[in-house]
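So the structure is just underneath, and the comments pick up after that.
The values are calculated or read from the model by the stated rules, or taken from the named source; none is laboratory data. Treat the numbers as computed from the prediction; the structure is a model and nothing was measured. Cβ placement follows ideal geometry from the backbone for every residue including glycine, while neighbour counts extend to all protein chains displayed.
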């Protein structure tokens, strides 16, 4: 499954109302670790078609960043049936992302 760009306008439909697991990547263009994590997140998305993967640009979606108290990026949040069940901050290896799911 390809990654979905998530905004405040589609967050409810794409994440909160989704039945199943959603991995959300909070990132920014200027963030080095985010750029390193992005291909790993894409790989997880491609290898796990049953999981929805979304990306939120913190510069463009400050409202969502505030809502989830995002202070450092990259931050990954995992939602299951609309409820946040896991979180990690910083660059982490693929195995750790898969464990979070």
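List every residue pair whose Cβ atoms lie under 7 Å apart, where the two residues are 6 or more positions apart in sequence or sit on different chains, the first residue falls within segment 90-101 and is in contact (Cβ under 8 Å) with a residue 24 or more places away in the chain and on the phi < 0 side of the Ramachandran plot, and the second residue, located anywhere, is outside any loop (DSSP other than H, G, I, E, B) and surrounded by fewer than 11 Cβ atoms within 10 Å (Cβ to Cβ).
none
For segment 32-83, enumerate the residues that are free of Cβ contacts under 8 Å to residues at least 24 places away in the same chain and in contact with a strand residue (DSSP E or B) (Cβ under 6 Å, 6 or more places away or on another chain).
Matches in segment 32-83: 72 only.
Out of the residues in segment 1-23 meeting the condition of being outside any strand (DSSP E or B), in contact with a helix residue (DSSP H, G or I) (Cβ under 9 Å, 6 or more places away or on another chain) and modelled with pLDDT of 95 or more, tell me which one is farthest from residue 58 (Cα to Cα).
11
Among 88, 66, 38, which is the only one that is assigned to a helix (DSSP H, G or I), surrounded by 15 or more Cβ atoms within 10 Å (Cβ to Cβ) and modelled with pLDDT of 95 or more? Step through it out loud before you land on a result.
Numbers: 88 fails: assigned to a helix (DSSP H, G or I); 66 fails: surrounded by 15 or more Cβ atoms within 10 Å (Cβ to Cβ).
From the options 88, 66, 38, the qualifying one is 38.
Under 7 Å by Cβ, and 6 or more places apart or on different chains, what pairs join a residue from segment 1-16 that is more than 17 Å from residue 84 (Cα to Cα) with one that is exposed (fewer than 15 other Cβ atoms within 10 Å of the Cβ)?
Close Cβ pairs satisfying both conditions: 1/49.
Report whether or not residue 20 is out of contact with any strand residue (DSSP E or B) (no Cβ under 8 Å at 6 or more places or on another chain) and either surrounded by fewer than 18 Cβ atoms within 10 Å (Cβ to Cβ) or in contact (Cβ under 8 Å) with a residue 60 or more places away in the chain (or both).
The answer is no for residue 20.
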